Amino acid sequence: MAKFFTEDNISKLLDEAIEKGLIVPYYQPKYDSVTGKLSGSEALARWIDEEGCIIPPNSFIPILEDSCLITKLDWYILEKVCAFIRKQLDNGITPVTVSVNFSRVHTYESDFVGLLCGIVDKYKVPHKYIEVEITESALTKGRVYIIDFISRIRSSGFAVAIDDFGSGLSSLNFLKDVPATVLKIDKSLLSGNCENEKERIVLESIFNFAQRLNLVTVAEGVETKEQLGFLRTCGCELIQGFYFCKPVTQDEYYELCRKNMSEKDQIEDILITQPQASATKLLLDAVFMCFPLIIMSNLSRNSFYMMAYENFTTRSCSSAGEYTKLIEMGTMSMHPDDRKAFADTFDIKEQLDAFAAGERRRRIVTRQLGDDGVYRKIETINYYVQNPSSDDVLAITLSRTLEN
């Protein structure tokens, strides 16, 4: 059937499929990266042919996009999702948020928010259970218009997710102004088991700025435990992909939700239910009160990324890159009498040898030239640990300005 989809017949076939109930939502669950708990899902349109086989989405979605009929499909799926959530509520099951995909074509609808509220309110579904998911490509429309478009959705009580981030020409400058709540990292950024160092640096940087912007992060296309392990270290909050669960039918998803609620009811210890992401953020904020510069380094792979707060003496260093270049740049900013001691202290080979000999901490105080041209005493402390998922030696660097 898929091969017969054309711009001439797609409208008729779509209407017939909707009338016969051949288009249904499948749900791909999202799981908490730390607890493994079901924390949400994405509704995916699945077109079933007369023989019960699923038609590949790429055989009809592009045609629907080109003909602008995609809006009819999106609104239909939203209605099905709302009816399903209503069923859960009526049966005493507390739903998790469901994200519904909306094409960039919807940005041209003058009353999008009104239509959205009309369907959701018809089923008396609280707006917090619906997440509007738009692709990164939708951001290419006028900056002011898109910011207003998303703001109106948010003002109506819906969460907004930017889908496929990293798949196109991502604009970080644009993203900082868009009032979205969720950032979904495209699966194209996850190759193999995240063994490529440049790939890891890019992902670590994305999660770092997303957390600083208070965006919930979702990694798409997670398929291996190695990917999950790395994403956990980055602070990624939600995982979506075959590692946990493939897209499932509505009946299968209903059972997942019912079981999820039952398991939650059994957990009473607040130390267990406390989200680790929140606790980690609080801990990080507390550390930053004392140490406004934190550097996470992989000495075995000569890489680092930096987290710096505003009150640190200098912000001239790059935020990620090769560790040896970081030390070289740091050495140049030191007082001439302190340069050799600083370079020797943080030589990679010397640190790795010291770690092998049992050293787990080292400290040095130097005089560093700030951006204002003034030398100040800087305390730098390195703590060494071994990556639990590999033989890599990691260094956690804490740095602060001392009182003169």
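The values are calculated or read from the model by the stated rules, or taken from the named source; none is laboratory data. Just so you know, these numbers come straight off a predicted model, no measurement behind them. Don't worry about glycine lacking a Cβ; one is built from the backbone with ideal geometry, like all the others, and counts go over all protein chains shown. Just the protein is used for accessible areas: all its heavy atoms, side chains included, with ligands, DNA and RNA removed. Shrake-Rupley method; radii C 1.70, N 1.55, O 1.52, S 1.80 Å.
Collect the residues in the range 317-368 that are outside any helix (DSSP H, G or I), open to solvent by 80 Å² or more (accessible area, probe 1.4 Å) and within 21 Å of E204 (Cβ to Cβ), keeping them in residue-number order.
Filtering the range 317-368 down to residues outside any helix (DSSP H, G or I) leaves 317-322, 333-335, 346-347, 357-368.
Filter once more, keeping what is open to solvent by 80 Å² or more (accessible area, probe 1.4 Å): 322, 357, 360-361, 363, 367.
Selection gives E322 alone.
Please determine, by comparing only the residues of the range 209-228 that are farther than 18 Å from I162 by Cβ and open to solvent by 30 Å² or more (accessible area, probe 1.4 Å), which one is modelled with the highest pLDDT.
Ranking the qualifying residues of the range 209-228, first place goes to E223.
Identify all residues within the range 145-184 that are open to solvent by less than 30 Å² (accessible area, probe 1.4 Å) and aromatic (F, W, Y); write none if there are none.
F149, F158, F165, F174
Could you check the range 201-212 and list, in sequence order, the residues that are in contact (Cβ under 8 Å) with a residue 40 or more places away in the chain and touching a Cys at 6+ places or on another chain (Cβ under 6 Å)?
Restricting attention to the range 201-212, the residues satisfying the condition of being in contact (Cβ under 8 Å) with a residue 40 or more places away in the chain are 201, 204-206, 208, 211.
Matches in the range 201-212: E204 only.
Please go through the range 369-404 and give me each residue that is open to solvent by less than 80 Å² (accessible area, probe 1.4 Å), of a type outside the set (A, V, I, L, M) and over 20 Å from A286 (Cα atoms), ordered by number.
If the condition is that a residue be open to solvent by less than 80 Å² (accessible area, probe 1.4 Å), of a type outside the set (A, V, I, L, M) and over 20 Å from A286 (Cα atoms), then G370, G373, R376, Y384, N387, S390, D392 are the ones that fit.
Look through the range 47-70, keep the residues that are surrounded by fewer than 19 Cβ atoms within 10 Å (Cβ to Cβ) and either within 27 Å of the chain's Cα centre (by Cα) or among the polar types (S, T, N, Q) (or both), and return whichever of them is farthest from M261 (Cα to Cα).
Only one residue fits best here, namely S67.
Among K246, K198, which is of a type in the set (K, R), over 20 Å from L282 (Cα atoms) and assigned to a loop (DSSP other than H, G, I, E, B)?
K246
Residue-wise test of (1) in contact (Cβ under 8 Å) with a residue 12 or more places away in the chain; (2) of a type in the set (A, V, I, L, M).
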residue	(1), (2)
L64	yes, yes
D74	yes, no
I77	yes, yes
Q88	yes, no
T94	yes, no
S103	yes, no
G118	no, no
S137	yes, no
R152	yes, no
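Within the range 98-144, which residues are open to solvent by 40 Å² or more (accessible area, probe 1.4 Å) and among the β-branched types (V, I, T)?
T140, V144
Give the residues of the range 10-38 that are open to solvent by 40 Å² or more (accessible area, probe 1.4 Å), part of a loop (DSSP other than H, G, I, E, B) and either touching a strand residue (DSSP E or B) at 6+ places or on another chain (Cβ under 8 Å) or charged (D, E, K, R) (or both), sorted by residue number.
Listed by number, the list holds a single entry, K37.
So K187 fits all but one of (1) closer than 15 Å to P29 by Cα; (2) in contact with a Gly (Cβ under 7 Å, 6 or more places away or on another chain); what number is the exception?
With (1) closer than 15 Å to P29 by Cα; (2) in contact with a Gly (Cβ under 7 Å, 6 or more places away or on another chain) applied to K187, the lone miss is (1).
Identify the residue in the range 369-379 that is outside any loop (DSSP other than H, G, I, E, B) and free of Cβ contacts under 8 Å to residues at least 60 places away in the same chain and, among all such residues, is nearest to the chain's Cα centre (by Cα).
E379
Can you confirm whether D177 is of a type in the set (D, E) and in a loop (DSSP other than H, G, I, E, B)?
The answer is yes for D177.
Could you say which residue among V160, V132, V100 is in contact with a Phe, Trp or Tyr (Cβ under 8 Å, 6 or more places away or on another chain), part of a strand (DSSP E or B) and either of a type in the set (F, W, Y) or closer than 21 Å to L183 by Cβ (or both)?
On inspection, the qualifying residue turns out to be V132.
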